[in-house]
Amino acid sequence: YRIYPNKNQSAILNQWIGQGRLVYNYMLELNKVTYEQEQKFVFGYDMTKLLPELKQQEGKEFLQEIPAQCLQQKCLDLDKALKQSLPKNKNRKGFPNFKSKKRDESGIRFTTFKFEGTRIVLPKMVGGIKVKMERPLLGKKSSITVYKDKIGHYFISIVVLIPDIIEP
């Protein structure tokens, strides 16, 4: 669905997307160094445990502005990418690449959000963001990903859980 943030909300979303990319790249670099030294990776849960310390580092205090769940989700995204690159994975993919500002359209994922009429309310965001709902949502809302396309339009992708239908 397309969303229409105001100028202030756009600035905040841009910052958050950049902060998510920074954390992803930081954790990827950490994994490269760890693998070179110890021949093992730092996976999802352990990466998320490092986030509070990262937020306290000098020059990285701005990471406290973004909702913690977004940074945790970036760690889980990298965790999935790392696991898909392992030789024992039958659907093996290449080793993850660093995200660049020009090519990254992965966005940021929220697990806590709510709809208020024609607006979506995100944690730490002042006011709701106008959203154009072309079709109704069926099922229980699980998470949303906010992303920006190459021409500067914002969108949300919503994951919904639909219960299995049991026929009599």
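The values are calculated or read from the model by the stated rules, or taken from the named source; none is laboratory data. This structure is a prediction, so every number in the text was calculated from the model and none was measured. Glycine also receives a Cβ, built like all others from the backbone with ideal geometry; neighbour counts cover every protein chain displayed. Surface areas here come from the heavy atoms of the whole protein model, side chains and all, with no ligands, DNA or RNA. Shrake-Rupley method; radii C 1.70, N 1.55, O 1.52, S 1.80 Å.
Numerical summary
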quantity	calculated
Nearby aspartates and glutamates by direct alpha-carbon distance to residue 140 (threshold 16 angstrom, same-chain neighbours under 8 apart not counted)	116, 164
Degrees, to the nearest 10: 7-38 long Cα axis against longest axis of the chain	20
For residue 122, residues with placed amide H under 5 Å, excluding near neighbours	129
25 °C / 0.890 mPa s Stokes-Einstein diffusion coefficient of the chain, Kirkwood radius on C-alpha pairs, µm²/s	140
HN-Hα J in Hz across the range 111-125 - Karplus 6.51, -1.76, 1.60, θ = phi - 60°, x for Gly and Pro	9, 10, 6, 8, 9, 10, x, 9, 10, 10, 10, 10, x, 6, 9
Per residue accessible area in Å² of the chain, where ligands, DNA and RNA are left out and the probe is 1.4 Å	63
Within-10-Å neighbourhood charge of residue 26 [Cβ basis; K, R +1; D, E -1]	+2
The chain - mean residue ellipticity at 222 nm from DSSP helices (-39,500 (n - 2.57) per run, n ≥ 4, rounded to 500)	-13000 deg cm²/dmol
Within the accessible area of the chain (1.4 Å probe), percent carbon and sulfur	52
Accessible surface ranking that places the most exposed of 114, 101 first, with a 1.4 angstrom probe	101, 114
Of 102/141; 83/141; 90/124; 101/130, those spanning more than 32 Å from alpha-carbon to alpha-carbon	90/124
Rounded tilt (10° steps) of 68-85 against the dominant C-alpha axis of the chain	60
Rounded to 10°, Cα long-axis angle of helix 44-56 versus longest principal axis of the chain	90
